[in-house]
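Accompanying notes for the structure given below.
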Amino acid sequence: MRLAGKSALVTGGGRGIGRAIALRLAGDGADVAVLDIIGENAENVAGEIEAIGRRALAIVADLTCSAQVNAAVAKVEQEFGGIDILVNNAGVTQNVSVVDMTDEDWERIVNVNLRGTFYCCRAVLPGMMRRTYGRIVSISSVSAKQGSGVWGAAHYAAAKAGVIGFTKALAREVAQYNITVNAIAPGVIQIPIADERRRKAKEEAAARCPMRRQGRPEEVAAAVAFLASDDATYITGEIMDVNGGLYMD
Ligand SMILES: NC(=O)c1ccc[n+]([C@@H]2O[C@H](COP(=O)([O-])OP(=O)(O)OC[C@H]3O[C@@H](n4cnc5c(N)ncnc54)[C@H](O)[C@@H]3O)[C@@H](O)[C@H]2O)c1
């Protein structure tokens, strides 16, 4: 129960890695707001959290709209009395070459992965600074470090690399307020995928990594829970790989 008494906001918490993070933080004692663009999924995960005895909120918002993000954060702060932990997990990917990439492709991928992270951080920071406490963990990707290579293209790699630079810069900016800002760079993590080609690409990449398997969403969630906890009070600006050895730096 190392997060007992804490409140968290997890973006993209309605499924996949975000769902595992939301459930893990709740399992460690936090109240959790689950934000997602798909309301039904957010509701379902909020229900799972309540079933284990924590308070939960389902919030429907599009992270690419700052007004929606600001309203979502205000609602969580009002209901929970503040936000101690922000997990910027929501993300979208796409497999397309640069020559075929449209303006809209670039905007969509960069906006959700990078702009959404900025909007959420900007919205939660005043409350964290006032209370001189905060834990921000953003989900980047191995794609940022190795230049894509699994699924997703240059716009995705650029956006996720942007998350790394943003994380380090923000970590410097707010360390004096006892706010830590870190990121996790997952490798190939197994989530339900409808697209057969994408599933195959992930299986092949996982077979090449030293651990010869895909990671589980819970293995990413465990790293988030650590960075969000008071076991990590002196860690900030860190980019933690959770990739089974796929890429080492
Ligand atoms: N699965 C992997 O192998 C892998 C590897 C590296 C990094 N990641 C990153 O992990 C994070 C979680 O991905 P996942 O694999 O669980 O994917 P996913 O597609 O299952 O989950 C992403 C979630 O974000 C939500 N979302 C998308 N756009 C949104 C928006 N505009 N506003 C609010 N919510 C939005 C979706 O509805 C969904 O619930 C992403 O940032 C992804 O880039 C995943």
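The values are calculated or read from the model by the stated rules, or taken from the named source; none is laboratory data. In this text, all values refer to a predicted model and were calculated from it rather than measured experimentally. Because the Cβ atoms are built from the backbone with ideal geometry, glycine has one as well, and the counts that use them run over all protein chains shown. Remember, those area values only see protein heavy atoms, side chains included, never the ligands or the DNA or RNA. Shrake-Rupley method; radii C 1.70, N 1.55, O 1.52, S 1.80 Å.
General observations
- Only one of the numbered conditions (1) without any contact (Cβ under 8 Å) to a residue 60 or more places away in the chain; (2) in a helix (DSSP H, G or I) is violated by V163, and that is (1).
- Residue identified as within 11 Å of the ligand (Cβ to nearest atom) and hydrophobic (A, V, I, L, M, F, W, C) among A153, A183, A207: A183
- In the condition set (1) under 22 Å from D28 (Cα atoms); (2) at pLDDT below 95; (3) of a type in the set (D, E, K, R), R216 is compliant with all but (2).
Condition check ((1) within 17 Å of the chain's Cα centre (by Cα); (2) of a type in the set (A, V, I, L, M, F, W, C); (3) within 14 Å of the ligand (Cβ to nearest atom)) across all residues:
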{"position": "R15", "(1), (2), (3)": "yes, no, yes"}
{"position": "R19", "(1), (2), (3)": "yes, no, yes"}
{"position": "L35", "(1), (2), (3)": "yes, yes, yes"}
{"position": "E43", "(1), (2), (3)": "no, no, yes"}
{"position": "A56", "(1), (2), (3)": "no, yes, no"}
{"position": "I59", "(1), (2), (3)": "yes, yes, yes"}
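- Residue pairs whose Cβ atoms lie under 6 Å apart, sitting 6 or more positions apart in sequence or on different chains, and linking a residue in segment 212-236 that is more than 16 Å from R15 (Cα to Cα) to a partner that is in a loop (DSSP other than H, G, I, E, B) and open to solvent by 10 Å² or more (accessible area, probe 1.4 Å), are Q214/V188; Q214/Q190; A225/D28; S229/R2.
- Within the set R172, R108, R115, R199, the sole residue that is open to solvent by 20 Å² or more (accessible area, probe 1.4 Å), more than 13 Å from the ligand (Cβ to nearest atom) and part of a helix (DSSP H, G or I) turns out to be R172.
- Index of the failed condition, M128 passing every other in (1) open to solvent by 10 Å² or more (accessible area, probe 1.4 Å); (2) away from the ligand (no atom under 13 Å from the Cβ); (3) outside any loop (DSSP other than H, G, I, E, B): (1)
- Scan of segment 210-249 for residues that are open to solvent by less than 20 Å² (accessible area, probe 1.4 Å), among the small types (G, A, S) and not in a loop (DSSP other than H, G, I, E, B), ordered by number: G215, A221, A223, A225, A228
- Residue satisfying all of: in segment 141-150; in contact (Cβ under 8 Å) with a residue 60 or more places away in the chain and more than 9 Å from the ligand (Cβ to nearest atom); most open to solvent (accessible area, probe 1.4 Å) among these: Q146
- Residue within segment 181-191 that is of a type in the set (G, A, S), on the phi < 0 side of the Ramachandran plot and open to solvent by 10 Å² or more (accessible area, probe 1.4 Å) present: yes
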